[in-house]
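This report concerns only the one structure given below.
The values are calculated or read from the model by the stated rules, or taken from the named source; none is laboratory data. Keep in mind the model is a prediction, meaning the values are calculated, not measured. Glycine gets a Cβ as well: all are built from the backbone with ideal geometry, and neighbour counts include every protein chain shown. We work out accessible area using only protein heavy atoms, side chains counted, and drop any ligands, DNA or RNA first. Shrake-Rupley method; radii C 1.70, N 1.55, O 1.52, S 1.80 Å.
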Amino acid sequence: MAVKKIVGQVTEDEKQEIKKLFERRNGLKELTKILDSSNEELYEKLISDMSTTQEKYKSWWNKMGEKYKWEGMVDGKWEVNFETNDIYLIIK
C-alpha cells in the first residue's frame, strides 16, 4: 500500500508548466502505442521529442524540489494535484 503525504505546494504558473509537460509526455506515450517504426523519420522525431520532454519533466521536479526543499525518499516520488497545486510524496 502506498503512503501519500503533502510536502508542499507550487504556484499557479509552476503548476501550469508541469501540467503542460505532463500532458505532452502522456500524449507522446500514447503515440508510441499506435506508431510503428516503419515510418522511420516520424518514429525518430517521436523518440527525440519523448526524450526532450522527459528531461524537461525531470528537470522541473529537481528544480522545484530544490527551490522548496520538499521532503523526499529514495523509494518515493513526488506528484502534483492539478486542482489544489499540492505536492505529495508517494512512498510505496
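Points to keep in mind about this one:
- Only one of the numbered conditions (1) surrounded by 12 or more Cβ atoms within 10 Å (Cβ to Cβ); (2) not in a helix (DSSP H, G or I) is violated by Thr52, and that is (2).
- Tyr43 being farther than 16 Å from Leu89 by Cα, surrounded by 13 or more Cβ atoms within 10 Å (Cβ to Cβ) and over 16 Å from the mean Cα position of the chain (by Cα): yes
- Count of region 1-15 residues which are surrounded by 12 or more Cβ atoms within 10 Å (Cβ to Cβ) and either among the β-branched types (Val, Ile, Thr) or in a helix (DSSP H, G or I) (or both): 5
- Of the residues screened, Lys58 is one that is of a type outside the set (Val, Ile, Thr), surrounded by fewer than 16 Cβ atoms within 10 Å (Cβ to Cβ) and under 21 Å from Leu89 (Cα atoms).
- Only listed residue being in contact with a strand residue (DSSP E or B) (Cβ under 6 Å, 6 or more places away or on another chain) and either open to solvent by 70 Å² or more (accessible area, probe 1.4 Å) or part of a loop (DSSP other than H, G, I, E, B) (or both), chosen from Glu79, Glu66, Glu71: Glu71
- Considering residues of region 16-40 that are of a type in the set (A, V, I, L, M) and open to solvent by 70 Å² or more (accessible area, probe 1.4 Å) only, the residue modelled with the lowest pLDDT: Ile34
- Options Gly72, Gly8: the member that is modelled with pLDDT under 95 and among the small types (Gly, Ala, Ser): Gly72
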